Amino acid sequence: MGLFKKNIEEEPATEKEPGYLQDLYKELDQTFLPDHAQKAVRRELERLEKTDPSIAEFSVGANYIKFVLSLPWGKMSEDNLDLERAERILNAEHLGLSQVKERILDHLATSIMCQSRTYQILVVDDEPIALENLAHTLKKESYNVFTASNGQEALDLFESTPFDLVVTDLKMQKMNGIQLLENVRNISPETKFIITTGYATVESAVDALKKGAAHYLPKPVKLETLRQTARELLDQKRRYQVPRGSVLCFSGPPGIGKTSVGRSIANAFGRSFICLSMAALRDEAELRGHRRTYVGALPGRILSEIQKAGVKNPVLMLDEIDKIGQDFRGDPASVLLEVLDPKQNSRFLDYYLDIPFDLSQLMFITTANSVEKLPSPLLDRMEIIPFSSYTMGEKRQIAQNYLIPRQLEAHGLNKNDLMFSEQALDSMIMGYTREAGLRNLEREVAQICRKIDRLIFQKKETVPKKIEKNDIDQLLGPPRFTFETRTVNVRPGVATGLVWTEFGGQIIFIETAIMKGNQNLIMTGSLGEILKESAQTALSFVRSSAEQFGINPDFFNGHDIHIHIPAGSIPKDGPSAGITIAVALLSLLTKRPAKSEVAMSGELTLSGELLPVSGLREKVLAAQQAGLKTVIFPLKNERDIKALSSEVRDAATIISAESIAAVVELALEKSLKT
Ligand code: ADP
């Protein structure tokens, strides 16, 4: 018992013990906090001195103080500003993605350039000792420091050197500090001024500030204060220099490497990495915390994560910013803007903390599946880097080089225990994971590893060393996706389209039917407004050009037409299904079934013109995944088709068609004339 007591004597006092507040005071003295945080903690400590430790309010206050003390107010990890190393890391950790890597490296180069810029400071004083002391203090901070012993000499130096900051004495022969400031304003309005003087009168201070000085320091100048003031001013300048759109936004379907590239960037800079999912965020308080007047109030997620990271300059990934809950209370875009804007985020206010915290040292990366619906002020702040779907070949290679080795290790196996044949991987990609990215593929690899682990434990004699195509059924069950498309289009009136969604390219079947009725157009399948308009346009086009296609021009009389796009739970919109709807209708009315291996995408005008569409790569890859052989795009997409990589062009036969009549001939089974 005695021994136990001795041990706990060395522990800090607990809340209810008398020394508790003293310990907190001691901790406050030993911790670096900026002035405003010092004051807030002291105020709270003084309040707690008058509060009974047994009531809940005491604990709330004490927890608050501990939280403030635990924040990394001044702690930063040192950046590794080596661009070549960054490139090496990005390449080693990710295969392909060459355009993404290029743009990231451009961005990092600018960021490194801005960060490594050495600021030029001019110190002006007619007392040699003061001049030397001030200059020495600033040189130690690695600024480029110049000196002058009066205003005129300083002004002359401006002719050859641009200065970011001037630290000048007020009273000097020839030209005093204020005159120097006024002269410099004309030639270099961006230069900041700190005025120092022994004649510390209120008037001279006010006068200097009125004329545009940023700060006023009485003499003898406290060197630590000078150091901090200069740092603050120059940091501010650096923030204002950050180019617009300096926050990276990775956009693209899930599982395509956005998070993992973000992590590599953090590795490259030697910073810690935090990923905050914005999906399903319901309340501003989740980001910003609750006011302490709430029972059980907590800080927001941003500050909690920074506290855990222990440094104030991690890489913070705000994941899926396009998925912030619809029923978000508060305005998500304005919170995000405040967090991401370097002019505002140096004074970020978490409601729990209740005093500003500087987020400007964080490196922000956001991700979104689709940036289309993001508000423009937010888009304006970000540099969008699109990630696109992987081809079969890339998936195979990434699986062999990254996913499989990682999963083998995670499951206690190594490459001598288990290999995957190319055909096995192809079968997993085509039959089990119809996706743009690699998430499900990685999951399936993991599942096979678990099965192998189990077989090893069961000491089965037939533990496969190499997974072949034929093993896949047994290990993963029957394939989840089959090429059902081949049988779908046997009936006239059904055509296969290709659309772009935030999850990558997708194939859709457009079904049409005609029945007795009253000239109604019925549309079902969660169609968005634009898609509905495309359907109306397609029908009007077919009605107005019926004769050209050998259709009775009165076909609509006494009939209804129904257009249905199955998979109703997926909301669909956009104009690119126009030609598919027209082809489905023409197939219906000419009774010529559409060829099952052909898919198409293109916008249709009322006069039958074909307008270009976007997302070609994703669409071709979706067609390939679904086992379709031919893809038709409008002729106006010719340039985009040429820009596709050879692997994508080889994924299907890509045909560009000039008119809907040409599409009909390519897509429908029998020629009209027969
Ligand atoms: P996202 O954030 O886009 O949803 P992830 O970054 O989580 O996707 O990627 C899913 C998985 O695929 C991760 O294990 C990631 O490391 C891997 N991955 C994705 N792209 C690549 C690539 N180009 N090279 C290597 N691995 C990749």
Task: Subset of the range 113-132 [surrounded by 17 or more Cβ atoms within 10 Å (Cβ to Cβ), touching a residue at least 24 places away in the same chain (Cβ under 8 Å) and in a helix (DSSP H, G or I)] - done: ALA130
TODO: Return the pairs, sorted by first residue and then second, in which the second residue is among the aliphatic types (A, V, I, L, M) and surrounded by fewer than 18 Cβ atoms within 10 Å (Cβ to Cβ), the first residue lies in the range 271-286 and is within 12 Å of ILE302 (Cβ to Cβ) and modelled with pLDDT of 90 or more, the beta carbons are less than 8 Å apart, and the residues are 6+ apart or on different chains.
DONE: none
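If I filter the range 650-660 for residues that are within 30 Å of the chain's Cα centre (by Cα) and on the phi < 0 side of the Ramachandran plot, do I get at least one hit?
Here is the first cut: in the range 650-660, the residues within 30 Å of the chain's Cα centre (by Cα) are 651.
From the residues that got through so far, the ones that are on the phi < 0 side of the Ramachandran plot too are 651.
Yes, some residue in the range 650-660 is within 30 Å of the chain's Cα centre (by Cα) and on the phi < 0 side of the Ramachandran plot.
Do the conditions hold for GLN228, that is, is it surrounded by fewer than 19 Cβ atoms within 10 Å (Cβ to Cβ) and touching a Leu at 6+ places or on another chain (Cβ under 7 Å)?
Numbers: surrounded by fewer than 19 Cβ atoms within 10 Å (Cβ to Cβ): yes; touching a Leu at 6+ places or on another chain (Cβ under 7 Å): no.
No; evaluated as a whole, the condition is false for this residue.
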- [ ] Please specify each residue of the range 627-637 satisfying the condition of being surrounded by 23 or more Cβ atoms within 10 Å (Cβ to Cβ) and over 15 Å from ILE579 (Cβ atoms).
- [x] LEU628
Open item on the list: Which of the numbered conditions does PHE250 fail, given that it passes all the others? Conditions: (1) within 12 Å of the ligand (Cβ to nearest atom); (2) in a helix (DSSP H, G or I).
Closed with: (2)
Open item on the list: Being touching a residue at least 60 places away in the same chain (Cβ under 8 Å), crowded, with 17+ Cβ neighbours inside 10 Å and more than 16 Å from the ligand (Cβ to nearest atom) is the requirement here; does MET392 meet it?
Closed with: no
Open item on the list: Within the range 99-120, does at least one residue satisfy the condition of being more than 25 Å from the chain's Cα centre (by Cα) and modelled with pLDDT of 90 or more?
Closed with: yes
Open item on the list: Here is a check on your reading of the model: is GLY61 under 29 Å from the mean Cα position of the chain (by Cα) and small (Gly, Ala, Ser)?
Closed with: no
Task: Lone unmet requirement of (1) small (Gly, Ala, Ser); (2) over 24 Å from GLU529 (Cβ atoms); (3) over 39 Å from the mean Cα position of the chain (by Cα) for SER607 - done: (2)
Task: Meets criteria (surrounded by fewer than 17 Cβ atoms within 10 Å (Cβ to Cβ) and either aliphatic (A, V, I, L, M) or at pLDDT below 95 (or both)) for THR496 - done: no
Task: Enumeration of residues in the range 258-289 that are within 12 Å of the ligand (Cβ to nearest atom), more than 25 Å from ALA109 (Cα to Cα) and more than 12 Å from the chain's Cα centre (by Cα) - done: ALA279
TODO: Could you pull out the residue among THR462, THR512 that is part of a strand (DSSP E or B) and over 37 Å from the mean Cα position of the chain (by Cα)?
DONE: THR512
TODO: Give the range 487-537 a look and list any residue that's among the hydroxyl-bearing types (Ser, Thr, Tyr) and in contact with a helix residue (DSSP H, G or I) (Cβ under 9 Å, 6 or more places away or on another chain), or say none.
DONE: THR496, THR501, THR512, SER534, THR537
TODO: Confirm whether ALA297 is within 24 Å of PHE32 (Cβ to Cβ), out of contact with any Leu (no Cβ under 8 Å at 6 or more places or on another chain) and either modelled with pLDDT under 90 or not acidic (Asp, Glu) (or both).
DONE: no
TODO: Could you please tell me which pairs satisfy a Cβ distance under 6 Å, a separation of 6+ or placement on different chains, a first residue in the range 89-111 that is on the phi > 0 side of the Ramachandran plot and within 12 Å of the ligand (Cβ to nearest atom), and a second residue that is in a helix (DSSP H, G or I) and not hydrophobic (A, V, I, L, M, F, W, C)?
DONE: GLY96/GLU394
Open item on the list: Just to be sure before I move on: is GLY255 within 9 Å of the ligand (Cβ to nearest atom) and either closer than 30 Å to LEU95 by Cα or under 12 Å from the mean Cα position of the chain (by Cα) (or both) in the structure I sent?
Closed with: yes
TODO: Evaluate the range 428-448: report whether one residue or more is surrounded by 21 or more Cβ atoms within 10 Å (Cβ to Cβ), more than 12 Å from the ligand (Cβ to nearest atom) and not in a helix (DSSP H, G or I).
DONE: no
Task: Hey, LEU234 under 27 Å from GLY74 (Cβ atoms), in a helix (DSSP H, G or I) and touching a residue at least 24 places away in the same chain (Cβ under 8 Å) or not - done: yes
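May I ask you to verify whether GLN397 is farther than 30 Å from ALA333 by Cβ and surrounded by fewer than 18 Cβ atoms within 10 Å (Cβ to Cβ)? Before you say what the answer is, go through the steps one by one.
Details: farther than 30 Å from ALA333 by Cβ: yes; surrounded by fewer than 18 Cβ atoms within 10 Å (Cβ to Cβ): yes.
For GLN397, the condition - farther than 30 Å from ALA333 by Cβ and surrounded by fewer than 18 Cβ atoms within 10 Å (Cβ to Cβ) - is met.
Provide a single number: the residues in the range 280-314 that are of a type outside the set (Ser, Thr, Tyr) and farther than 16 Å from TRP73 by Cα. Lay out the reasoning, then the answer.
Filtering the range 280-314 down to residues of a type outside the set (Ser, Thr, Tyr) leaves 280-292, 295-303, 305-314.
Among the residues that remain, those that are also farther than 16 Å from TRP73 by Cα are: 280-292, 295-298, 300-301.
Number of matching residues: 19.
Out of everything in the range 406-427 that is within 15 Å of the ligand (Cβ to nearest atom) and surrounded by 15 or more Cβ atoms within 10 Å (Cβ to Cβ), what residue ends up being farthest from LEU95 (Cα to Cα)?
For the range 406-427, the residue satisfying everything is HIS411.
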Task: Filtered residues of the range 449-459 (kept if part of a helix (DSSP H, G or I) and away from the ligand (no atom under 16 Å from the Cβ)) - done: ARG450, LYS451, ILE452, ASP453, ARG454, LEU455, ILE456, PHE457
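Condition check ((1) closer than 21 Å to SER545 by Cα; (2) modelled with pLDDT of 90 or more) across all residues:
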| position | (1), (2) |
| --- | --- |
| THR605 | yes, yes |
| VAL613 | no, yes |
| ASP650 | no, yes |
| ALA662 | yes, yes |
| LYS670 | yes, no |
- [ ] Name the residue, out of GLN506, GLN519, that is buried (at least 20 other Cβ atoms within 10 Å of the Cβ) and not assigned by TED's automatic domain parsing to the domain that holds GLY412.
- [x] GLN506
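Only one of ILE467, ILE452 is crowded, with 19+ Cβ neighbours inside 10 Å, at pLDDT 85 or above and under 18 Å from MET392 (Cβ atoms); which?
Values: ILE452 fails: under 18 Å from MET392 (Cβ atoms).
Answer to the check: ILE467.
The values are calculated or read from the model by the stated rules, or taken from the named source; none is laboratory data. Since this is a predicted model, take the numbers as computed values, not measurements. Cβ sites come from the backbone with ideal geometry, for glycine too, and all protein chains shown count toward neighbours.
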